[in-house]
Amino acid sequence: MEAELRTGKLAAKLVRIMAAVDHVEKRGRNEKQNYNFVRAADLYHEVRKAFIEQQVFMTADVVSQERWTQPTQSGGTMNYCSLRVAFTFYDGETGASIGPVHGCGWGSDVGDKAVYKCMTGALKYAARTNFMVPDDSDPEEDAVPTPRNNRRAPTPSAPQPEPAPAPSQSSEVINTPQARRMFALCNQHGVEHDRLKDYLFRVQGFVTSKDVTRTSYENVCNWIENGGQ
């Protein structure tokens, strides 16, 4: 009975932490891909203050990891890392704990920092997901930017392209309910919207979420349901 009371007290503290962190603005900027994002440091700052006030702390334990490499267009090598991390919350007053709860992180780097980026992402997503920290964006209005180097105006002498044929059933884009389901899955499985945008552009080749085709839709949803793996 006493243990249940201590756990209940910790749960109440976690709710107060959730109430203390209303939202975190997107102060980070990715100039290369032209989008804003929530910086991990800004999120940590807000959550950490609430943790200290409630005398709660959190531990992170790497459960599994996967590493792989992929050649870059410039002839180099990109290092990738995926981590599955277990998080446990502790009450500094009573010693009670809640957890573990699991989260994942994904990172890439041409040097030796892929695993550090991965861990930062896992911590960031764990804080945002467990305490339901919103940002100020509307995911259905977000678009994956087109790299500036790919925007070329046709020269006057260039021949005009022939009209594209009507899209077949396999190339038709998804409808609005399907797009909403895709973003709902992101919220459910802790996949940040900026990460989805990067995946759609880098892996699937779609400029915006509205360009996702029906043939690729299930693959995208499966990727989200697997936590972005």
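Any read-out appearing in this document is the output of simple, stated calculations on the displayed coordinates, not a laboratory observation. What you see is a predicted model, and the numbers here were worked out from it, not measured in a lab. Glycine also receives a Cβ, built like all others from the backbone with ideal geometry; neighbour counts cover every protein chain displayed.
Laid out as a table, the results:
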| quantity | calculated |
| --- | --- |
| Over 29 Å between alpha carbons, listed pairs LYS13/LYS210; LYS124/LYS210; LYS26/LYS117 | LYS13/LYS210 |
| Sequence ranges 186-197, 85-96, 50-61, ranked by mean other-Cβ count within 10 angstrom, highest first | 186-197, 85-96, 50-61 |
| Options MET58, THR88, ALA40, ranked by Cα towards positive dipole end of segment 1-133, top entry (Cβ charges) | ALA40 |
| Simple label model, 7 Å out from Cα along Cβ direction - LYS26 to GLU4, nm | 4.5 nm |
| Linear extension gain, ALA60 paired with GLN188, 0.36 nm per residue minus alpha-carbon span | 44.0 nm |
| Net charge over other residues, Cβ less than 10 angstrom from the Cβ of GLU93 (K, R count +1; D, E count -1) | +2 |
